[in-house]
Structure formats: C-alpha cells, structure tokens
Amino acid sequence: MKTRMDWVLFATMLALAGFGLVMVYSASALAAQLQYKVAPHYFFAHQAAAALVSLAVLVLLARLDYRKFRDARWAFLGISLVGFLLIVVYFADPSQHRWLKVKLPVLKFSVQPSELAKPALILFLAWFISMRREYINSHYALGPAGLVLAFMAAGVLVADLGTAVVLFVVASVILLLAGLSWRHCVTAVAVGALCITAAIAAKPYRLFRVLVFYDPDYTYLSYIDPGKKMLEYAKSGSKVNDPSYQGTQSAIAIGAGGVEGAGLGRSRQKLLFLPEAHTDFIFAIVAEELGLPGALGVLLAFSIICWRGFRLFWLAPDDFGKFLAIGVTTAIVFQAMLNMSVVLNLFPTKGIPLPLVSYGGTSLLSTMIMLGMLLSVSQRAVRPA
C-alpha cells in the first residue's frame, strides 16, 4: 500500500514547534539571567535539544505502520510503564509529585510522567475499543476501560489536575464516538465532575484559586460559610496572598500588546512581572509581542491540526486508526484551548502548557509522540476521490 505524507499537518506542526523555540527564547532570556542566574540561552538550548529528540521520535513513528501497535502488548506496556513512573515520582518528588530527575555522568534532565500518560492512555483506549466496540455499552467493555482510566487519572490527579482533566475529556470523546449510550455518558460526566471537585477540595491552594476567581470579594462564600472555615482552609495551603496575580498580569500583557504588538523581544511583562512566562503563560507573551496577528496565528495553527486530525475519523481504514486519531487530536486541541482560556483569564489559573509552544521537554516529547501516531494514520488513510 502506497503511503502519502500529510504535508499540511506536518508543516503546521513544524512551524508551530519552530515558533515555540523562538518564543521560549524571547520569554526566558531575561528571566534566565535575573531570576535563575544562568545564561540567557539556557532554556532555549534545553528546549532545542528536546525538540531534536522529539522530532526524531515523530519521524520514526510516522514512518511506522500504526497498525503494528494494535496489540495488547503495546497497549499494556505503555499503561504499565507510565503507571510505574507515576508511582516512582510520587516518592521521588515528595513535595510536588511531578518531576523525576535523572542524573547521568554527562547528562541531567527531568521527566514529567503525567505528560506521557496522554499517549499511553490514547493508545490503550484505541486498541481496547477497536477490540470491543460491539459491546461498548456492556460491563464487558466498560469495566476494564473504567478501571484503567481511573488508575491513570488517579495517578495524575495527585499533582496535575489539568492533565487529569485532559485525560478525562479525551476518554469521554473516544467513548462517545465509539457509541457509548447517553445514560452512561451522563453517569461518566457526573462521576468525573465529582472527582474533579474532590481533587480541588483536597488541595487547599486549588480551592483558594477557584474561590478567588469566581467570588473575589467572598460575597457568596459568606452565605455558605459564615464562620470562614473554608476560607481559612483554602488559605492554609497557598503560598501567595493573591492567587489571581498571574491571571491579572497575563491580562495586562495581552492588553499591552493590543492589535499590532510591542514587537518581538519587547515584552515588559516578562521582566519578572508575569510568573512562568516561558511555560504556562507563554501565549500572553505571544499576544504582547506579536499582537492580534500572532495570537490568531497560533489559534489558526491549532485549528488546522484540529481539521486534519478530526477528518481522519472518517478517512482512517480501521477503528483502531479512527480512535487513535480522534484521541490525539482531542488531547492536543483541548489542551491548547484550555491553556489559552486560562491565559485569557476565562478560567482559574492552572499549570498546563501550550502544546509545541511552551517550554518543557516532556510536554514536547509527549505531543510529538501523539503527532507521530497521527501522521502514521494519515499516511494510510483512504483518500476521497
């Protein structure tokens, strides 16, 4: 079977990753010197190295026939490996439970296992549902799928609520398109909402962010909790007095950029006013420096990825390819929309990177793994006449 590269998708992905490198350098150069006391190119060099490795993985996966991964061994290997890493990082990083630091004689780097949970879960669900789609509404299918999803979500939810939400949305979209009944959908949404609420309440700093965002003057909270016990609990786990600070500074950056932008490299908010300017809030720097055209350009790039990915649900030659494509596309596009919504101050502050653009080696590798699988499906899709 002759394959054909989706050059539109590949070029969009490559352009977005290259643009991300430029913006990482622009957003981090001064912070590297002033805050971290390292060379201006420190974060750029690390991201460039991660980009080279990730691109090599993407090309390898794109060249491989994705149907080779339609095997229980691959599906369970990914889930088991990520699950093991999540357990290890829980004890290796007792303060945050996020980073697994690897120190070799000539190389030091950190891995964030929760990021790798996305391709692992997508691969498992695509394989599992392609095997049991006829019984999707039976306990025969829902039981095992629910257990794996609960295991992965629980492991991620300990320290990374944003990624856990992405996993839940991805699983929901895949199951819905696989034919899950509305009764089961409503039950799943209710259970998911309950788990997310419990996760927010379990971490005081999360609760404080939500309270301040939706009720900054504590007007409604005073009716619910006149004794202020909830507020005291929420403040007890927060290291800052104003959890809305990042959202406010992000809004200032976007407003300062206006339509035309201040110019590449001329952001003022990155001068230690906006925390995490090169990671979770890099979209604010894009909007400040490149204005409306830069922001719309990023939005257009993710729209193209969304279009090229979702069309594979109809063009992929088998169910495994269909659900692989829909899972990857949902994960990348939903995470991008969630990140930009937080930056635009539409949702409470949540640490989640902008795919392909934000600084973060594991995030970039995870995204490239997913895009490599998507390109593999695309090359073997049934093209319309």
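Looking at the structure I just gave you, is GLU232 loosely packed, with under 12 Cβ neighbours inside 10 Å and modelled with pLDDT under 90? Write out each step before concluding.
Numbers: loosely packed, with under 12 Cβ neighbours inside 10 Å: yes; modelled with pLDDT under 90: yes.
So GLU232 passes the test.
Out of all the residues in region 91-100, is one or more surrounded by fewer than 13 Cβ atoms within 10 Å (Cβ to Cβ), touching a residue at least 40 places away in the same chain (Cβ under 8 Å) and not in a helix (DSSP H, G or I)?
Checked region 91-100: at least one residue is surrounded by fewer than 13 Cβ atoms within 10 Å (Cβ to Cβ), touching a residue at least 40 places away in the same chain (Cβ under 8 Å) and not in a helix (DSSP H, G or I).
With the checklist (1) charged (D, E, K, R); (2) touching a Lys or Arg at 6+ places or on another chain (Cβ under 7 Å); (3) more than 30 Å from GLY257 (Cβ to Cβ) in hand, flag the one item ARG380 doesn't pass.
(2)
If a residue counts only when it is in contact with a Gly (Cβ under 6 Å, 6 or more places away or on another chain), which helices (runs of 4 or more DSSP H) contained entirely in region 210-262 have at least 1 such residues?
Numbers: elements: 219-224, 229-236, 245-257.
Fully inside region 210-262 and qualifying: 245-257.
Checking SER238 against (1) closer than 23 Å to GLY351 by Cα; (2) buried (at least 20 other Cβ atoms within 10 Å of the Cβ): exactly one of these is not met. Which one?
Only one criterion in (1) closer than 23 Å to GLY351 by Cα; (2) buried (at least 20 other Cβ atoms within 10 Å of the Cβ) is unmet by SER238, namely (2).
Name the one entry in ALA56, ALA39, ALA45, ALA75 that is assigned to a helix (DSSP H, G or I), more than 18 Å from GLY372 (Cα to Cα) and either in contact with a Cys (Cβ under 9 Å, 6 or more places away or on another chain) or free of Cβ contacts under 8 Å to residues at least 60 places away in the same chain (or both).
On the way: ALA56 fails: more than 18 Å from GLY372 (Cα to Cα); ALA39 fails: assigned to a helix (DSSP H, G or I); ALA75 fails: more than 18 Å from GLY372 (Cα to Cα).
Exactly one of ALA56, ALA39, ALA45, ALA75 is assigned to a helix (DSSP H, G or I), more than 18 Å from GLY372 (Cα to Cα) and either in contact with a Cys (Cβ under 9 Å, 6 or more places away or on another chain) or free of Cβ contacts under 8 Å to residues at least 60 places away in the same chain (or both), namely ALA45.
Would you check if there is a residue in region 190-207 being in a helix (DSSP H, G or I), in contact with a helix residue (DSSP H, G or I) (Cβ under 7 Å, 6 or more places away or on another chain), surrounded by 14 or more Cβ atoms within 10 Å (Cβ to Cβ) and among the aromatic types (Phe, Trp, Tyr)?
no
Can you tell me which condition SER341 does not meet? The list is (1) free of Cβ contacts under 8 Å to residues at least 24 places away in the same chain; (2) within 11 Å of the chain's Cα centre (by Cα), and all the others hold.
The single condition SER341 does not satisfy is (2).
Any idea which of GLY351, GLY361 is touching a His at 6+ places or on another chain (Cβ under 7 Å) and at pLDDT below 95?
Details: GLY351 fails: touching a His at 6+ places or on another chain (Cβ under 7 Å).
Being touching a His at 6+ places or on another chain (Cβ under 7 Å) and at pLDDT below 95 holds for just one of GLY351, GLY361, which is GLY361.
Residues checked against (1) basic (Lys, Arg); (2) at pLDDT 90 or above:
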{"residue": "LEU167", "(1), (2)": "no, yes"}
{"residue": "SER172", "(1), (2)": "no, yes"}
{"residue": "ARG183", "(1), (2)": "yes, no"}
{"residue": "ILE200", "(1), (2)": "no, no"}
{"residue": "LYS203", "(1), (2)": "yes, no"}
{"residue": "LEU221", "(1), (2)": "no, no"}
{"residue": "ILE224", "(1), (2)": "no, no"}
{"residue": "GLY261", "(1), (2)": "no, yes"}
{"residue": "LEU271", "(1), (2)": "no, no"}
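Could you grab me the full set of residues in region 134-186 that are under 19 Å from VAL333 (Cβ atoms), of a type in the set (Ser, Thr, Tyr) and either touching a residue at least 60 places away in the same chain (Cβ under 8 Å) or not in a helix (DSSP H, G or I) (or both)?
Across region 134-186, the qualifying residue is only THR163.
Please give the number of the condition LEU324 fails out of (1) modelled with pLDDT of 95 or more; (2) more than 18 Å from PHE302 (Cβ to Cβ); (3) surrounded by fewer than 21 Cβ atoms within 10 Å (Cβ to Cβ).
For LEU324, the failing item is (3).
Contact list please: Cβ distance under 7 Å, first residue in region 24-36 and closer than 16 Å to SER358 by Cα, second residue among the acidic types (Asp, Glu), pairs at least six apart or on different chains.
SER26/GLU289
So that you can scan it fast, the table gives a plain yes or no per residue for (1) closer than 25 Å to LEU371 by Cβ; (2) touching a strand residue (DSSP E or B) at 6+ places or on another chain (Cβ under 8 Å):
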residue: SER95; (1), (2): no, no
residue: LEU104; (1), (2): no, no
residue: VAL111; (1), (2): yes, yes
residue: SER114; (1), (2): yes, no
residue: ALA120; (1), (2): yes, no
residue: PHE128; (1), (2): yes, no
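Report yes if some residue within region 350-362 is in contact (Cβ under 8 Å) with a residue 24 or more places away in the chain and surrounded by fewer than 16 Cβ atoms within 10 Å (Cβ to Cβ); otherwise report no.
Looking through region 350-362, none of the residues is in contact (Cβ under 8 Å) with a residue 24 or more places away in the chain and surrounded by fewer than 16 Cβ atoms within 10 Å (Cβ to Cβ).
Inside region 65-87, can you point out the residues that are exposed (fewer than 15 other Cβ atoms within 10 Å of the Cβ) and farther than 20 Å from ALA117 by Cβ?
Once the filter is applied, which keeps residues that are exposed (fewer than 15 other Cβ atoms within 10 Å of the Cβ) and farther than 20 Å from ALA117 by Cβ, region 65-87 yields ASP65, LYS68.
The values are calculated or read from the model by the stated rules, or taken from the named source; none is laboratory data. As the structure is a computational prediction, the values presented were derived from the model and not from experiment. Cβ: placed from backbone, ideal geometry, glycine included. Neighbour counts: every protein chain shown.
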